[in-house]
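Heads up, the thing below is written out as structure tokens.
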């Protein structure tokens, strides 16, 4: 499966990028949760959650954008496998006085994990919020974007230990 001496599964023995062959792996339930954080001025965050942004319901738009993006991950990341997702969910919550936390959960029955789908979903949802609120605050900051947890697959489960 992997002949790269450094253990990078997306490189062949000559160091060239290659798609990982997952055909020998069993189909199992895979789930990943990723998060993104968008920091903005407190009044803009309040307007976002009260539905007072000039561009409309940014939270609904971000949820839909995150779901659509997760479904298109293999079109964006060249070596990702095309996965039939069973579920994608995007949750947005206020964090502190000036931030929004976005969680994207992706679930599939497959031979490879859904971490990239969750990460892409969370990122695009955050970028959608930025796009819809940028007229009120161009200094918003996106990050970190990170994997919070994953389960299923040969490499086992992962749960981020830090907050």
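Just the Kirkwood number for region 35-151, please: inverse of mean 1/r across all distinct Cα pairs, in Å, one decimal.
Numbers: mean 1/r = 0.0700 Å⁻¹.
Hydrodynamic radius (Kirkwood, Cα pairs) of region 35-151 is 14.3 Å.
With the contact rule set at Cα under 8 Å and sequence spacing of 6 or more, what percent relative contact order holds for region 35-151?
Working: 215 pairs, mean separation 47.5, N = 117.
Here the relative contact order equals 41 percent.
Calculated from DSSP H runs of 4 or more alone, at -39500 (n - 2.57) each and per residue, what is the 222 nm mean residue ellipticity of the chain, nearest 500? Provide the component values of the computation, followed by the final result.
Working: 4 runs with 46 residues, N = 163.
The per-residue figure over the chain is -8500 deg cm²/dmol.
So for each of 25-38, 148-161, 113-126 I average, over its residues, the number of other beta carbons within 10 Å; can you give me the resulting order with the highest mean first?
Values: 25-38: 19.4, 148-161: 13.7, 113-126: 26.6.
The packing order, highest mean first, is 113-126, 25-38, 148-161.
Return one number: the angle in degrees, 0 to 90 and rounded to the nearest 10, between the long axis of the Cα atoms of helix 115-133 and the longest principal axis of the Cα atoms of the chain.
Helix 115-133 sits roughly 20 degrees off the main axis of the chain.
How much length would be gained if the chain were fully extended between residue 94 and residue 134, taking 0.36 nm per residue of separation minus their Cα-Cα distance, in nm to one decimal?
Here the answer is 12.6 nm.
At 0.36 nm per residue, and after removing the present C-alpha to C-alpha distance, how many nm does the segment from residue 20 to residue 157 gain when stretched out fully?
So the chain would gain 47.3 nm between residue 20 and residue 157.
By how many nm would the segment from residue 72 to residue 60 grow when fully extended, if each residue of separation counts as 0.36 nm and the alpha-carbon distance is taken off? Mind showing how you got there, number by number?
Numbers: separation 12, 0.36 × 12 = 4.32 nm, distance 1.87 nm.
Result for the pair: 2.5 nm of gain on full extension.
Could you give me the percent of Cα pairs per 10 Å distance bin for region 1-98, shortest bin first, beginning at zero and ending with the bin that holds the maximum distance?
All Cα pairs, binned at 10 Å, distribute as 12, 30, 25, 18, 12, 2 percent.
Which stretch or stretches of region 11-54 have amide N atoms under 13 Å from the point lying 7 Å from residue 142's Cα along the Cα→Cβ direction?
36-39
Report P(r) for region 92-163: all Cα-Cα distances, bin width 10 Å, range 0 to the bin holding the largest distance, values in whole percent.
With a bin width of 10 Å, the distribution comes to 17, 44, 26, 11, 2.
Output the peptides 96-107, 128-139, 78-89 sorted from most to least packed, where packing is the average of other Cβ atoms within 10 Å over each peptide's residues. If you can, show how the numbers build up before the last one.
Values: 96-107: 21.0, 128-139: 17.3, 78-89: 14.7.
Output ranking for 96-107, 128-139, 78-89: 96-107, 128-139, 78-89.
Kindly express, to the nearest 10 degrees and within the range 0 to 90, the angle between helix 58-71's C-alpha long axis and the longest C-alpha principal axis of the chain.
10
Every number here is computed from the coordinates shown, using simple stated rules; none is lab data. Please read all numbers here as calculations on a predicted model, not as lab measurements. Cβ atoms come from the backbone with ideal geometry, glycine included; neighbour counts cover every protein chain shown.
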